[in-house]
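Below you'll find the structure, written out as structure tokens, and then a few comments.
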Amino acid sequence: MVIIKSAAEIEEMKKANQIVAMVLQDLEEFIKPGLTTAAIDQRAEALIRGEGAVPSFKGYGHPPFPASVCISINEAVVHGIPSEKIVIKDGDIVSVDCGAYIDGWHGDAARTFIIGEVDDKVRELVEVTEQAFWEGFQQAVPGNRLGDISAAIQKKAESHGFGVVRELTGHGIGRDMHEEPNVLNYGRAGRGLRLQPGMVLAVEPMITLGSKKVRLLDDNWTIVTADGKQASHYENTFAITEDGPIILTALP
Ligand code: MG
Ligand code: MG
């Protein structure tokens, strides 16, 4: 069941989402070659808790996710576990996925940061992944269908020759981090659930440089590309209103 939020509830959801936006903005400056992903996670957790919020991801799932943010480098698509053994280096692309919970609501967003110099095609991958999100976002208007969002994302990614990961999706979000509906990053325009005001969605294209095939590492969390080529991830939480979609994971 899709849980429709009132205008007042959407307003309440801004706090958790703004904390997520603040953390990601901070990390964009903070992440440098030589840092471990554990150190990035510690900073994210301190920032989240400093706002009186709780990291949504910590303890989530089976096995329980052991950290506050997911950090997924290069061929890692999503759900990378921060580690003292993983060190950021020049030429990496680093995806950070952050969730925060406060006042009974979750916020969720992800960014992929380019560290130093990367190949032009890798930079294009990161840029197109974000652009694909915005293409989908533009379709998130009342009266359109879920497939309009999905198809717009897929079209953008594939027009650049990139792969669209099938196994993972965006989602509804609210009092639970993952609510209905699933928001696929591929699909057909004009199909699926009718969009209506009060839906709050976390849309998150996961786009690959090569094959769209992925596999799960032995840690039971990290998703990597099957061919070892880079992947990018970009996510925002937004609410659909009568006047169109509004981003919640933005700074106030
Ligand atoms: Mg996320
Ligand atoms: Mg999400």
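Sequence-distant contacts, meaning Cα pairs under 8 Å at least 6 residues apart, place the relative contact order of the chain at 23 percent. Ordering Tyr234, Tyr101 by accessible surface, largest first, gives Tyr101, Tyr234; the 1.4 Å probe counts only protein heavy atoms, with every chain in place. Close amide H partners of Met206, meaning residues 5 or more places away or on another chain with modelled amide H under 5 Å apart, are Val165.
Every Cα-Cα pair of the range 15-76 was included, and the share exceeding 16 Å stands at 46 percent.
Restricting attention to the chain, the count of lysine pairs at 8 or more positions apart or across chains with alpha carbons under 20 Å apart stands at 20. Taking the 1.4 Å solvent-accessible surface of the range 7-239 as the whole, the part contributed by carbon and sulfur is 47%. Normalised per residue, the accessible area of the range 7-239 is 42 Å², obtained with a 1.4 Å probe and no contribution from ligands, DNA or RNA.
Whole-percent P(r), the chain, all Cα pairs, 5 Å bins from 0: 1, 7, 15, 19, 20, 18, 13, 6, 2, 0. For the range 123-162 versus the range 1-32, the inter-centroid distance based on Cα atoms is 21 Å.
What the phi angles of the range 121-130 give under the Karplus curve with 6.51, -1.76 and 1.60, with θ = phi - 60°, is a coupling list of 5, 6, 4, 4, 4, 5, 5, 5, 4, 5 Hz, glycine and proline written as x. Per residue, the average separation of C-alpha pairs within less than 8 Å and at least 6 apart gives the range 1-94 a relative contact order of 28 percent.
Computed about the Cα centre, the dipole magnitude for the chain is approximately 580 debye when only Lys and Arg (+1) and Asp and Glu (-1) carry charge, each at its Cβ.
The values are calculated or read from the model by the stated rules, or taken from the named source; none is laboratory data. This structure is a prediction, so every number in the text was calculated from the model and none was measured. FYI the Cβ positions are ideal-geometry reconstructions off the backbone, even for glycines, and counts take in every protein chain you see. Side chains included, ligands, DNA and RNA excluded: accessible areas come from the protein's heavy atoms. Shrake-Rupley method; radii C 1.70, N 1.55, O 1.52, S 1.80 Å.
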